[in-house]
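Notes to accompany the following structure.
The values are calculated or read from the model by the stated rules, or taken from the named source; none is laboratory data. All values derive from a computational prediction rather than experimental measurement. Neighbour counts run over all protein chains shown; Cβ positions are idealised from the backbone, glycine included. In case anyone asks, the SASA skips ligands and DNA or RNA and just uses the protein heavy atoms, side chains included. Shrake-Rupley method; radii C 1.70, N 1.55, O 1.52, S 1.80 Å.
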Amino acid sequence: MTDIPESHPRYASLVARERVTEGVKRGFTSCQGLIAQGRGECFDYLLGERTTYSAEAATKAAAALLLLAERPALSVNGNVAALVPEEIVALANALAIPLEVNLFHRSEERVKKIAELLLEKGAKEVMGEHPDASVPGLEHARALATRGGIYDADVVLIPLEDGDRCEALTAMGKKVIAIDLNPLSRTARKATVSIVDNILRAVPHLTDQVRQLSALPRTDLERMVQEYDNEKVLRDAVQEIQDHLNRQFSCTCTHRRRGAESTISLADK
Ligand code: ATP
């Protein structure tokens, strides 16, 4: 990989680009995955490349939901494998649950490569190479799922997923946790819990929460899930973007108007 100096102001973003590009070169990420990463980066920029309060709340609710689940499953696609292979394996191992490879642009070769990568990173069980069921409402390749994995799960984590699949899984009665930087995406709006955060920050954070909350009694976890309001969290995420932009604009004006006593912000307009 290219040597990127850690002092570079866009270090994390450049490392992520390198990882996705490497994923394409090694054959487990699709070319379309590069474009999906670009869309995500744009929203991360608008959020200020930080974990917001709303993402924090969603991550806690997601951890509670995973701990309460009877048969949780984690879905892995080419971008997830490229960006957070060790971290997604650590999450699966913390919960002692399987990972299932599921690809929008499915090829048997890519599924195999991702499964091998996850096993190499310490995964105990990786499904997806031999799907034996179909998610209703999706066309053939995207519908493929595995019994004992995503097909039978009551709670599914779908990082960087498209809206149709999220909607189809919800229609099966599953509780769906999305990780998606775009609070306006169909996935974010259809999911039960939407973590609007970069997967690079979200997955390790979710694993920490799983470890911390596992000490709580079930009744506390149930209360956390009941009190969670996904629509409010998405509204808050949009507000956090607006607030961040207002602050940026206000700073820019202060710099430009050297010596000026007041600053101009969008709120003044
Ligand atoms: P939808 O169908 O839900 O409206 P979409 O058509 O934008 O979404 P895709 O093109 O499949 O879906 O993109 C996947 C989603 O993943 C995008 O919403 C993008 O913002 C998000 N995304 C991409 N990279 C990251 C990342 N590193 N972390 C978190 N989210 C990301």
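Order 89-99, 25-35 from most to least packed using the mean count of other Cβ atoms within 10 Å. Kindly include the intermediate steps, with their values, before the conclusion.
On the way: 89-99: 20.6, 25-35: 17.2.
Averaged packing, sorted descending, gives the order 89-99, 25-35.
Among Gly149, His130, Thr52, whose Cα sits farthest toward the positive end of the charge dipole of the chain (+1 at Cβ of Lys/Arg, -1 at Cβ of Asp/Glu, about the Cα centre)?
Of the options given, the answer is Thr52.
Using a 10 angstrom cutoff on alpha carbons, build the Gaussian network for the chain and name the most mobile of His140, His205, His105.
Judging by the Gaussian network model, the answer is His140.
What's the angle, to the nearest 10 degrees (0 to 90), between helix 230-256's Cα axis and the longest principal axis of the chain?
Roughly 30 degrees between the two axes.
Among 74-83, 193-202, 169-178, 206-215, how do they line up by average Cβ neighbours within 10 Å per residue, starting with the highest? It would help to have the intermediate numbers written out before the result.
Numbers: 74-83: 27.1, 193-202: 25.2, 169-178: 20.2, 206-215: 16.4.
By packing density, highest mean first, the sequence is 74-83, 193-202, 169-178, 206-215.
Helix-only mean residue ellipticity at 222 nm, the chain, DSSP H runs n ≥ 4 weighted -39,500 (n - 2.57), per residue, nearest 500. What is it?
One gets -17500 deg cm²/dmol as the mean residue ellipticity at 222 nm.
What is the sum of charges, Lys and Arg at +1 and Asp and Glu at -1, for the other residues whose Cβ falls under 15 Å from the Cβ of Glu116?
Spelling it out: positives minus negatives among the neighbours equals -1.
Enter the accessible area per residue of the range 103-146 (Å², integer; probe 1.4 Å; all protein chains in place). Could the numbers behind the result be given before it?
On the way: 2430 Å² over 44 residues.
Heavy-atom accessible area per residue stands at 55 Å².
Got a number for the accessible area of Leu216? Probe 1.4 Å, square angstrom, nearest 10.
It works out to around 70 Å².
Zone of Ala143 (label point 7 Å along Cα→Cβ, backbone N under 14 Å): which residues in the range 53-88?
none
Say we join alpha carbon atoms closer than 10 Å with springs in a Gaussian network model of the chain; which of Ala141, Ala153, Ala188 then has the biggest fluctuation?
Ala141
Using alpha-carbon positions, what is the distance between the centroids of the range 4-68 and the range 175-222, in Å?
Cα centroid of the range 4-68 versus Cα centroid of the range 175-222: 14 Å apart.
Which of these, Phe249, Phe104, Phe43, has the largest mean-square fluctuation under a Gaussian network model of the chain (Cα springs below 10 Å)?
Of the options given, Phe249 has the highest mean-square fluctuation.
Please list, in order along the range 45-59, the HN-Hα scalar couplings obtained from phi with the Karplus expression 6.51 cos²θ - 1.76 cosθ + 1.60 (θ = phi - 60°), rounded to whole Hz, x for Gly and Pro.
For the range 45-59, the Karplus curve yields 4, 5, 7, x, 6, 9, 7, 7, 4, 5, 5, 4, 5, 5, 5 Hz.
Count the lysine pairs in the chain whose Cα atoms lie under 18 Å apart, taking only pairs 8 or more positions apart in sequence or on different chains.
Value for the chain: 12.
Non-local amide H neighbours of Leu144 (under 5 Å, H modeled in plane, Pro and chain starts lacking H): which ones?
Under 5 Å from the amide H of Leu144: Val135.
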